[in-house]
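Colleague: Take this structure, written in structure tokens, and hold onto it; I'll ask about it next.
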Amino acid sequence: MTEHHSTPSKEEIALLEVFDRLGPSQIVLVSNAAQAELALKALSGARALGFDTESKPTFTKNEVSDGPHIVQLSTLNQAFIFQLTDADCRRAVASLLESPSIAKPGFGLGDDKRRILSKLGVEMQEVIELNTVFHNRGYRKDMGVRGAVAVLFNQRFIKSKKASTSNWSNAQLSEAQLVYAANDAYAALRVYLALGLDKSE
């Protein structure tokens, strides 16, 4: 029988020390062919990359999102934010997402596979939904990045509500948007490694 574990409450998490995030100098925006080529070289040899996407929010009942508008991939030292308006950026990130040799852990990925297929024309490979891993280990509630960071590192992960609901289709992303997006992917990689899921070690 699986042992059940509780998820920390918002109040408990609020008392913890802050999780050490990537700063602006560790975040690379990828928005043209030259940047896409450099990003591909930097990331192609990775065994695992923290993964997430962001889409411009929809506010009306029948409005359909044409997202994702950005894809975030992170190592332990750097996060790369791919803007999908550029064809070269789309090709570069597509080749990484369809690679079976790179694990892509993330949280709340839901319909990301379907959206990536629609947007980039590729089937994602080796996507790891970390919520499922926690569920299989006895956590009954959806864990999410905040809960996972609290459980594994005894730290508080900061997420900006303002950034989360901002316009991710903007050509010029703000520093707050870049930091928010990068650290969702970075934290997913940290959690993946802390859970001992990197079988290549």
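The values are calculated or read from the model by the stated rules, or taken from the named source; none is laboratory data. From a predicted model like this one, the values you see are computed outputs, not experimental measurements. Note that each Cβ is placed from the backbone with ideal geometry, even for glycine, and that neighbours are counted across all protein chains shown. Remember, those area values only see protein heavy atoms, side chains included, never the ligands or the DNA or RNA. Shrake-Rupley method; radii C 1.70, N 1.55, O 1.52, S 1.80 Å.
Colleague: Any residue at all in segment 131-138 that's under 14 Å from the mean Cα position of the chain (by Cα) and buried (at least 19 other Cβ atoms within 10 Å of the Cβ)?
Modeller: Within segment 131-138, one or more residues are under 14 Å from the mean Cα position of the chain (by Cα) and buried (at least 19 other Cβ atoms within 10 Å of the Cβ).
Colleague: Give just the number: which of (1) under 26 Å from L38 (Cα atoms); (2) modelled with pLDDT of 90 or more; (3) touching a Pro at 6+ places or on another chain (Cβ under 9 Å) does V151 not satisfy?
Modeller: Unmet for V151, out of (1) under 26 Å from L38 (Cα atoms); (2) modelled with pLDDT of 90 or more; (3) touching a Pro at 6+ places or on another chain (Cβ under 9 Å): (1).
Colleague: When you go through (1) under 15 Å from the mean Cα position of the chain (by Cα); (2) open to solvent by 40 Å² or more (accessible area, probe 1.4 Å); (3) not polar (S, T, N, Q) one by one for F153, which number turns out not to apply?
Modeller: For F153, the failing item is (1).
Colleague: Next up: Which numbered condition in (1) among the polar types (S, T, N, Q); (2) modelled with pLDDT of 95 or more; (3) under 30 Å from Y139 (Cβ atoms); (4) open to solvent by 40 Å² or more (accessible area, probe 1.4 Å) is the only one that Q35 fails?
Modeller: Looking at each condition in turn, Q35 falls short on (3).
Colleague: Sticking with this structure for a sec: Restricting to segment 17-57, what's the tally of residues that are over 14 Å from the mean Cα position of the chain (by Cα), more than 15 Å from Q78 (Cβ to Cβ) and among the hydroxyl-bearing types (S, T, Y)?
Modeller: Going through segment 17-57 one residue at a time, the tally reaches 1.
Colleague: Then there is this: Being farther than 15 Å from P105 by Cα and buried (at least 19 other Cβ atoms within 10 Å of the Cβ): is that true of L189 here?
Modeller: no
Colleague: Please state which one of V127, V71, V145 is farther than 29 Å from E11 by Cβ and touching a helix residue (DSSP H, G or I) at 6+ places or on another chain (Cβ under 6 Å).
Modeller: Just a single option satisfies the conditions, and that option is V71.
Colleague: Show the residue pairs meeting these rules: Cβ distance below 6 Å; 6+ apart or different chains; first residue within segment 110-131 and in contact (Cβ under 8 Å) with a residue 24 or more places away in the chain and closer than 17 Å to A92 by Cβ; second residue open to solvent by 40 Å² or more (accessible area, probe 1.4 Å) and not in a helix (DSSP H, G or I).
Modeller: From residues that are in contact (Cβ under 8 Å) with a residue 24 or more places away in the chain and closer than 17 Å to A92 by Cβ, the pairs are V122/E98; Q125/E98; Q125/P100.
Colleague: Given the condition crowded, with 17+ Cβ neighbours inside 10 Å, touching a strand residue (DSSP E or B) at 6+ places or on another chain (Cβ under 6 Å), charged (D, E, K, R) and farther than 21 Å from S174 by Cβ, answer yes or no: does some residue in segment 54-70 qualify?
Modeller: Among the residues of segment 54-70, not one is crowded, with 17+ Cβ neighbours inside 10 Å, touching a strand residue (DSSP E or B) at 6+ places or on another chain (Cβ under 6 Å), charged (D, E, K, R) and farther than 21 Å from S174 by Cβ, which makes the answer no.
Colleague: Got at least one residue in segment 112-122 being of a type in the set (S, T, Y) and over 18 Å from A48 (Cβ atoms)?
Modeller: Yes, that holds for at least one residue.
Colleague: Could you look through segment 104-121, keep only residues that are surrounded by 18 or more Cβ atoms within 10 Å (Cβ to Cβ) and of a type outside the set (K, R), and pick out the one that is nearest to the chain's Cα centre (by Cα)?
Modeller: Out of the qualifying residues, it is G106.
Colleague: Under 8 Å between Cβ atoms, at least 6 apart or on separate chains: pull out the pairs that start in segment 169-186 with a residue that is touching a residue at least 12 places away in the same chain (Cβ under 8 Å) and end on any residue that is in a helix (DSSP H, G or I) and open to solvent by 40 Å² or more (accessible area, probe 1.4 Å).
Modeller: E175/P24; A176/K162; L178/P24; V179/P24; A182/Q26
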